[in-house]
Every structure is written in C-alpha cells, then in structure tokens.
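These notes concern the structure reproduced below.
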Amino acid sequence: MSVLQSKKRRTFIGNLIRGIILWILSLAMILPLLWMITAALKSNSSIMSIPPEWIPKEFHWENFPEGLAAVSFWPRFVNTVFISAMCVIGQVLSCSVVGYGLARIRFAGRKFWFYLFVGSMMLPSMVGLIPVYRLWTALNALNTYWPLILPAFLGSPFYTFLIRQFLMGVPRSFDEAAKIDGAGHVRILFQIIMPIIKPAIITIVIMQFQASWNEYLSPLIYLIDGEKWTLSLAVASYSTLYAVEWNKFMATDLVYMLPTLILFFVAQKYFMQGLGSLTTAGLK
C-alpha cells in the first residue's frame, strides 16, 4: 500500500468516525423535538403507553386549536410580539450607538468604559432583581410593559461588545470619506456603518427576539393582569399541579416555538457571520 493510499484511508476513517459522532449527538438533540411532535398528535392516554409509539395510530389534529384556545393564545401572542419587537428595536439602537462610540470616537476613558462593559457581563442578573423591582414600584410601573421594554433601550453589554468587535474590523476609510462629504457621526452610523455591519445587527435581532420571546421571570414579576400576560406565562400556566393534558400542552408548545425557529432559519446565514465576527472581527 502506497503512502498516498494510506493517507486517504486514514482520512476516510477519521471522517467516518466524526460523522458517526455527529449523528449520535444530533439524534440526542433531535429526539426530544420528535417526541414533542408525535405527542402533540396523540390522544392523552396514548402518550404514556409502553412501549412508546413514535408514529400515532390516529392523528388528533384537534389538539392544536383546543390547546391554543385553552391559553388564549392569540391575545397573548400579540402581547409577546409587541414586547419582543420593542426590545429588539431598543437593543439595536442603543447598542449600535454605544458600540460605535467605543470603536470610532476617541475620548478620555474610552478603554475604561469598554472594560467596564465587558466586566459587567460577569454579574448575574439576579444581583439587581430586588433594587430594580423597588425602583419600578416607586415609579408606579407595576402591571405595565415599561419594566420589560425600557431596559432594552439602555443597552446590553454583550450586544455592545459584539458591535464594537465587528466595527474594529471595518476600515476607517469609510468614516473619513463620509466626513469629507460633510456627514456627522449620526449619519455615518445609520447610513454607512449599519448597512456594513448587517450580520452583527441580525445576530442581535435573533438573539434578543428569542430572549424576549422566552422571557419568563420578568413578566411573572411585573405583569399582574392576566390579559397582559406573555405567551411564556400563558403556556406555563397550562400545566397544573394535578392534571395536564400533555398532548394539547405539546401542541401549544410547538406553535409557541415556531416564530423563533422561523426567524432563525430565515436569517441563519447572517447569524453565523455575526457570531464569527467575535473571532474574525473583519470584513470579507
């Protein structure tokens, strides 16, 4: 056997082993989702049958409308979309402005503020839970959407770091050319820089939308009126202490998951480019 054939054989065996490992790991992640789908199409009594049935004998499509009606899905869907959209807008605007300032504007203490932003990511959110709650109570903002939306307009350290890292790889010649034409920082940011850093912006949109969509603790604390609930609270309230119709619960959960899955699959190319900016931090 020649050296070339031996090398090809080792490469083939290595790729085969990696493929088998990836298949095993993929199945471990996909199986719960497959079980969720098949459970949503079964009768409640057949979910716990032994041995388990992966393919239902009868498809109970009525689980979806009945499950959605049980949690008043569509009014809470509107609430959740509104809160998530406002949080996305707030994070994109605030983090873009701060990230641009840290990357492009030279001012005293710029490195200090950058290190402060990075260091704040190490603090758990629970640290400020009680003081922040007392603040919103003093402002008479309980049972409103302000505690859920307004913090997004104050920015996020991680998203600011992401924007700043991406901007560090964008040539300053874009800024200089715009300044020659008389553009200020606001125009440079919104008309020149933001279209260039679209992958980072879309990454923030996906991650913040998913975070706001699945947020449970903040709505639980601040929203008292059931008509203002988000879907995370509504779906969680579906499961009771004594009896759960798991088939309808799974059907409702599947519909609840769809918006974030659709958003990710539509924009996954830019999402991967945005995450890659953390290491490459540059333009192709």
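Determine one quarter of the surface area of the Cα convex hull of the chain, which equals its mean projected area, and express it in nm² to one decimal. All intermediate terms of the calculation are to be shown ahead of the outcome.
Numbers: hull surface 95.6 nm².
Across all orientations, the chain yields a mean hull projection of 23.9 nm².
Counting only the backbone N, which residues of region 72-87 are under 20 Å from the spot 7 Å out from the Cα of Met194 toward its beta-carbon?
Residues 82-87 qualify, since their backbone N sits under 20 Å from the label point.
Show me the chymotrypsin sites (Phe, Trp or Tyr not before Pro) within region 1-51 that DSSP assigns to loop and that have at most 16 other Cβ atoms within 10 Å of their Cβ.
Counting only loop positions with at most 16 other Cβ atoms within 10 Å, none of the chymotrypsin sites (Phe, Trp or Tyr not before Pro) in region 1-51 qualifies.
As a footprinting exposure proxy, order Ser84, Ser156 by other Cβ within 10 Å, with the fewest listed first.
With the fewest neighbours first, Ser84, Ser156 line up as Ser156, Ser84.
Would you mind calculating the gained length between Arg106 and Glu58 on full extension (0.36 nm times residue separation, minus the Cα-Cα distance), in nm to one decimal?
10.6 nm
Using Cβ contacts closer than 10 Å as the measure, can you line up Arg172, Arg187 from fewest to most?
Arranged by neighbour count, lowest to highest, Arg172, Arg187 become Arg172, Arg187.
Under 24 Å between C-alpha atoms is the cut-off here; go through the chain and count lysine pairs that meet it, provided they're at least eight residues apart or on different chains.
9
Would you work out which of Pro56, Leu93, Phe73 lies farthest towards the positive end of the dipole of region 8-128? Charges go on Cβ: Lys and Arg +1, Asp and Glu -1.
Of Pro56, Leu93, Phe73, it is Leu93.
To the nearest 20 debye, what is the magnitude of the charge dipole of the chain about its Cα centre, counting +1 on the Cβ of each Lys and Arg and -1 on the Cβ of each Asp and Glu?
Numbers: 22 positive and 12 negative charges, 339 e Å.
Its charge dipole is roughly 1640 debye.
Using a 10 Å cut-off around each Cβ, can you sort Asp175, Asp181 from fewest to most neighbouring Cβ atoms?
Asp181, Asp175
Any idea how far apart Thr11 and Asp181 come out in nm if each label point goes 7 Å out from Cα toward Cβ?
Using points 7 Å along Cα→Cβ, the separation is 4.8 nm.
Projecting each Cα onto the charge dipole of region 63-276 (Lys/Arg +1, Asp/Glu -1 at the beta carbon, about the Cα centre), which of Pro259, Tyr222, Gly169 comes out farthest on the positive side?
Looking along the dipole axis, the top candidate is Gly169.
Just need the relative contact order of region 63-276 here, percent rounded to a whole number, with Cα pairs under 8 Å and 6+ apart.
Relative contact order here is 37 percent.
Computed from the coordinates by the stated procedures, all read-outs in this text should not be read as laboratory data. This is a predicted model, so every value here is computed, not measured. Cβ atoms come from the backbone with ideal geometry, glycine included; neighbour counts cover every protein chain shown.
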